[in-house]
Structures are given as C-alpha cells and as structure tokens.
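Coordinate-derived values only; no laboratory data. All figures in this text were calculated on a predicted structure; none of them were measured in a lab. As a convention, Cβ positions derive from the backbone with ideal geometry for all residues, glycine included, and neighbour counts pool all protein chains shown.
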Amino acid sequence: MARENLKIQLSLKQSFILHMGLFSKKELSEEQVAKVNALLPEKHRKSQWFEKDFYGEINNIEKEIEDYIHRNFLLPEEKKNKELLDFKKTKEDTFAAKIKIFNTELYKAEPLGMVDIGGIHRFSASSTGDRFSGGLIGYAIESAADDMWSKGSSQEEAVNSVKLSLLKKARSLYPECNLIFKYEVDFREMGSSGNVFIYMRGTACKGENELLVNAEKHYEETIENKKKDLALMNTKHTEWKEVLNKVSQSRKVLSESDN
C-alpha cells in the first residue's frame, strides 16, 4: 500500500512539473494560447503554441524576442549613438569652414586680432624653386578655375588643410570670429624634396555672416532631432524589455489558466 502511494505521489509530482513547465507534447489549449497572445504584441501572436516554444531555461519565444530587441533596438541604438558622437566631432570643422575669407581691407567688421598658422606638406612631386617664384602657386590656389590645381590634388588638399586649421585657430582664439580679412598665404619649398612650408595669416573679425548663423542653427536642430530619435528608441527598447519580462513569466500565467 505504501509503495502504491509512493507511485501515486511521484506520478502527481511529475504531472505538476510537466503542467507548470508546459512540457507536455500536446499543443496548448485555446485558453492557454489566449493567455500567451495577451502577453505579446500582435506581431508575435500565433493561433497555435506548443510546449517546445516554452522549453528550457530560455524558451523559444523569449529567444525570439531577445533577438528582436537586439536587432531592432540595441544595434540601431548603438549605431545612432555613434552617428551622434561622430556628428558632434564635425562641429568645429563645419563652423570654421563657414567663416568668410577676404584678402581686402576691413569693411563693416570689427577687428579682433591677428591669426596665423603654418604647416609642412609634401606635394605629389618634387619641384625646383622656380616653380614657386613670382607667387604662381598663390595665384593658382586663389583661382578656383585654374586647371593646374585640379580638385582633389594633393596640392589643393594641403592648402585646404592649412586653411581649415587657420579658421579653427581663429575661432579658438576669438570665439566671436566669423570673418577673416587681409588673408594672405606664402609658400616656401624645403629644398627639392617636394616638401613645402605653407604659411597663412589674416585678421580675425566680427561682422555679418549668414552662412555661419545658418550652419549653427542647422547643427542645433540636427542634434535635437538625433537626441529625440534616441529617446524614442530607448522608450521602445524599455517597452520591449517589459514584454520579455512578461513572457518569461508565461509558465506561471499559463499554468493558472487550468486552475
């Protein structure tokens, strides 16, 4: 009799475990399916659920939702965060590039101070000093239509690099600077190696510059939009983590449907 009672107890215990874990090999009842679907967004609802969908420490539906969160929120969130950081890094270059440069005397502007900078760059080929005589390079650089300085050439890239450094230095020294007057550039070849010392200078000024004003406005709007996108994504991410939390409790919820 005692042995028979032990068998009955073991049988009941196994039935309870199977029931609580939904590990029966049958599909879930309509009531259980309704319970599961009530926990899930419409996208993940099914007309049939089986015990295998809830088997193991992390069941299939949990894994599916974790993958969904990773694919649709975590990865895009990381990407957007990187885009925001990268965009912020362009701030000084973007604003500096909008400073207007004049090689004339000042007009309608308040002088703030002189700014200068120099840099050594290697051009695509070595040359003789004669190539740099008579201000030929200076003329070529200042003339956008001159074919001898084609777009994308190493010479143009070198000059633009030094010019951007000059404008960034001007903003650093004089935060209100939005214009450069009396801009000048000199070149000196370092022997016949192709290395050239580029020296630029000008007068940092404060005046009217709609290009810079618009650039600053566009930058701030873009930053705000990117932050809103991240905040929205973070909210959705939090909502889906809550869904995952509810699904992880599905065994208990479903087991109560038969009580």
Those residues of region 36-50 whose amide nitrogen sits under 14 Å from the label point placed on Y68, 7 Å along Cα→Cβ: 36-47
Net charge of Cβ neighbours under 13 Å - reference S165; Lys, Arg +1; Asp, Glu -1: +1
Point-to-point label distance, K46-Y199, nm (Cα→Cβ direction, 7 Å offset): 7.7 nm
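Any of K88/K206; K182/K226; K63/K88; K98/K236 with alpha carbons more than 29 Å apart? Name them for me.
Values: K88/K206 24 Å; K182/K226 39 Å; K63/K88 36 Å; K98/K236 38 Å.
Listed pairs above 29 Å: K182/K226; K63/K88; K98/K236.
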Neighbourhood net charge (14 Å Cβ-Cβ; Lys/Arg +1, Asp/Glu -1) for K108: -2
Least to most buried among H121, H70, H44 (fewest other Cβ within 10 Å first): H70, H44, H121
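Which net charge results when you count Lys and Arg as +1 and Asp and Glu as -1 among the other residues whose beta-carbon is under 13 Å from that of F87? Kindly include the intermediate steps, with their values, before the conclusion.
On the way: positive: K79, K80, K82, K88, K89, K91, K226, K227; negative: E83, D86, E92, D93, E220, E221, E224, D229.
Within the 13 Å Cβ shell, the charges total 0.
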FRET E, pair E176, L85, Förster distance 22 Å, beta-carbon r, rounded to 0.05: 0.20
